[in-house]
Amino acid sequence: MGKDSKAFPLPLDVLHILEVLHNAGYEAYIVGGCVRDMLLNKLLSYHINIHDYDIATSALPAEVCALFPRTIPTGLKHGTISVLLHSKTYEITTFRIEGSYRNHRSPDSVRFTSSLKDDLKRRDFTINALAYAPHCGVVDMMGGVQDILKKRIICVGEPKARFSEDALRILRALRFSATFGFEIESSTKQALFSQAPLLQNIAKERIRIELEKLLCGDYALSVIEEFREIINLLVPLRGDVSILGHLSVRKAPIVWVCLLYGVRDEASNILEHLRFDKKSKAYILTLLQYYEFPPLMDKSALIAMIVHLGGREGAREILQDLFIIYQAQNAEAIKSLQSSLEAIFNSKLPLSLKELYINGDDILQMGIQGKRVGQILQQIFTATLTHELPNEREILLQYLNTHFL
Ligand code: ATP
Ligand code: MG
């Protein structure tokens, strides 16, 4: 507990909740990730945006409910009550000890306790076993502050046993290392390798979520290199993934594409296996299709690509993502491609049927029906793309009348 760390600014609602619990005679703290992130910002000048404030208290769930007018029993069995304040929810969890674990994932039972220390002991890593309240500052019973300063990840308790209780912690360790650039301490590291096969017990959705956070970390590449053997149990790692170290933006679809390029023939199956939703899967597969940097792409090839991707509206997001990938492959050459792209986007050229200044109705009004409507529209679209015709309504209508009536 340090005086200097007493003054963390907290949102007013969070202060209010802590105060209500405190005034009613209970202990109450913010705990876990939010305390860790506040300390990372303060001690190591990181820039982490803190969004979730988890609150832990000695009050029992029913006692929490009695203190706040609007509550939802979100995870009653595990002691979690959500409190609604100013249309936001805040999770308040009673201090607890976890019982024996089932399937290397979730505890069979939980037992409530009035001891903060017991609650901190069940947490995964020392850096996550921190609590804070304005009246007492940071509560550090497991040495988490020291480990933040030393930039290291250490299990609370005996690493092998902790990973065996819940194998997801293996991936969480790698994820925290990849996001914060922290070393994993040697006995924790040893246990990571020896317990890694237990990851097969973990639900694929959970694996996907953690792996995605890992891949989005600034230090993902070195973690993948060091723990290749473990990641390989989850996603086959073949080929070169060093591009992950060159990305200017790390976001979900892009990092998956960079990871999967070496196994692109299996990508569809892998995404399926990791329970990706249909839309994200399709998006990643499309990015994979265009992954290779196109050094000889001239203007017309670029236009064809935009048309294929759905025109100005449809292609914008995917092109932005592709250019992040291309830039990581060849930062110099991307510049001319980028300026050609801007010129095309700023031109009047229609890049999808929707952008043509005539539509199916205009053709129907001429008395043409059926399949022929679409064919004519396509023909005119192609003619504007190749500059045989300008995309101007009057000229296109006139062309329709003279050629198709
Ligand atoms: P993030 O920044 O992703 O939210 P986090 O550490 O806050 O990271 P959460 O899943 O929000 O992760 O969990 C909140 C806290 O609960 C953790 O900081 C840790 O103290 C504890 N915790 C979460 N998952 C586990 C786990 N699998 N085993 C033990 N403790 C856990
Ligand atoms: Mg959290």
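So the values come out like this:
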quantity: Heavy-atom accessible surface of the chain: percent carbon and sulfur, 1.4 Å; calculated: 50 percent
quantity: Peptides 176-187, 82-93, 135-146, 357-368 ordered by average Cβ neighbours within 10 Å, highest first; calculated: 176-187, 135-146, 82-93, 357-368
quantity: Descending semi-axes in Å of the range 149-216, equivalent ellipsoid built from Cα gyration tensor; calculated: 18, 16, 8
quantity: Residue 91/residue 200 FRET efficiency (R0 30 Å; Cβ-Cβ; nearest 0.05); calculated: 0.50
quantity: Whole-Å distance, taken between Cα centres, linking the range 33-91 and the range 237-270; calculated: 35 Å
quantity: Cα-based equivalent ellipsoid of the range 169-310: semi-axis lengths in Å, sorted from largest, via gyration tensor; calculated: 31, 17, 12
quantity: Cα convex hull of the range 1-124, projected area averaged across orientations, nm²; calculated: 8.6 nm²
quantity: The chain: calculated mean residue ellipticity at 222 nm from DSSP helix runs of at least 4, using -39500 (n - 2.57); calculated: -14500 deg cm²/dmol
quantity: Binned Cα-Cα distance frequencies in the range 29-94 - 10 Å width, integer %; calculated: 22, 44, 24, 10
quantity: Kirkwood-based Rg to Rh ratio, the range 235-347, C-alpha trace; calculated: 0.97
quantity: Candidate lysines - alpha carbon under 27 Å from residue 335, same-chain residues fewer than 8 apart omitted; calculated: 251, 299, 348
quantity: For the range 268-405, projected area of the alpha-carbon convex hull averaged over all directions, nm²; calculated: 10.3 nm²
quantity: Surface per residue (accessible, 1.4 Å probe) for the range 356-404, Å²; calculated: 63 Å²
quantity: Debye intensity ratio in log₁₀ form over the Cα atoms of the chain, taken at each q of 0.12 Å⁻¹; calculated: -1.00
quantity: Debye log10 I(q)/I(0) at q = 0.13 Å⁻¹ for the range 194-268, Cα point scatterers; calculated: -0.36
quantity: Radius 14 Å from Cβ of residue 194, net charge of other residues (Lys, Arg +1; Asp, Glu -1); calculated: +2
quantity: Anchor residue 88: lysines whose Cα lies under 23 Å away (excluding residues fewer than 8 positions away in-chain); calculated: 77
quantity: Average accessible surface area per residue within the range 137-275, 1.4 Å rolling probe, Å²; calculated: 41 Å²
quantity: Of 42/189; 204/281; 160/189; 204/279; 213/281, those spanning more than 20 Å from alpha-carbon to alpha-carbon; calculated: 42/189
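The values are calculated or read from the model by the stated rules, or taken from the named source; none is laboratory data. Just so you know, these numbers come straight off a predicted model, no measurement behind them. Glycine also receives a Cβ, built like all others from the backbone with ideal geometry; neighbour counts cover every protein chain displayed. Side chains included, ligands, DNA and RNA excluded: accessible areas come from the protein's heavy atoms. Shrake-Rupley method; radii C 1.70, N 1.55, O 1.52, S 1.80 Å.
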